1. Tally up the residues in segment 30-82 that are charged (D, E, K, R) and free of Cβ contacts under 8 Å to residues at least 24 places away in the same chain, please.
2. Would you point out which residue out of GLY160, GLY110 is free of Cβ contacts under 8 Å to residues at least 12 places away in the same chain and of a type outside the set (Phe, Trp, Tyr)?
3. Given the condition of a type in the set (A, V, I, L, M, F, W, C) and under 24 Å from LYS22 (Cβ atoms), answer yes or no: does some residue in segment 108-127 qualify?
4. Go over the candidates PRO146, PRO138 one by one and state the one that is exposed (fewer than 10 other Cβ atoms within 10 Å of the Cβ) and touching a helix residue (DSSP H, G or I) at 6+ places or on another chain (Cβ under 8 Å).
Amino acid sequence: MNKQLYQFFEKEHRRIEELLDKATEFPDGIQMEYYHRFRAGLLTHIKMEEKILFPAAQEANGGHPLTIAAKLRLEHGALTALMVPPPTTSLIKVLRYVLDKHDLAEEEPGGMYEVCEALTEHRTQELLAQLAHVSEVPVHPHNTAPFALEAAKRSLTRAGYDYDALAE
């Protein structure tokens, strides 16, 4: 296996993490320019997986979704929901925790990326070309209404996480 897809997505994870690190570099506040780039980067990354990688792996798997895909999709929903409210220290703490767990499930040996790579190895160059042409996801201003955070908490619960426990 040449691991080109794995390396592409792993590099994306590190790029997105770096943007979040820069956004939260200073304790006196979040640098919103970097946080905006983080949001767009994360949502675009999720789009790449949901629209290109996961469907290609499912097709190569005889039309059957991969077992881990259901959990990762729930986490994608939760991460997307966390992008709606404005960032707070608690939200960032929860976000980092979920991202760490999620990225590990994709990157670990036998994880989603290795399985997808093995299933689609005959299409690597085609998939890389598609990924290179994915447009960035536009992001809307944060929703400051309390229901936005409550919706994100419910989405996290569906994905198996407890926002309040993680935020402590």
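The values are calculated or read from the model by the stated rules, or taken from the named source; none is laboratory data. Keep in mind that this is a model prediction, so the values were computed, not measured. Methodologically, a virtual Cβ is constructed for each residue, glycine included, from the backbone with ideal geometry; neighbour enumeration extends over all protein chains shown.
1. 4
2. Step by step, each of GLY160, GLY110 is checked, and only GLY110 is free of Cβ contacts under 8 Å to residues at least 12 places away in the same chain and of a type outside the set (Phe, Trp, Tyr).
3. Looking for residues that are of a type in the set (A, V, I, L, M, F, W, C) and under 24 Å from LYS22 (Cβ atoms), one finds none in segment 108-127, hence no.
4. PRO138
Let's see how each residue does on (1) outside any loop (DSSP other than H, G, I, E, B); (2) at pLDDT below 95; (3) hydrophobic (A, V, I, L, M, F, W, C); (4) touching a His at 6+ places or on another chain (Cβ under 8 Å):
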residue	(1), (2), (3), (4)
LEU5	yes, no, yes, no
GLU10	yes, no, no, no
ILE16	yes, no, yes, yes
ASP28	no, yes, no, no
TYR34	yes, no, no, no
ARG37	yes, no, no, no
THR44	yes, no, no, no
PRO85	no, no, no, yes
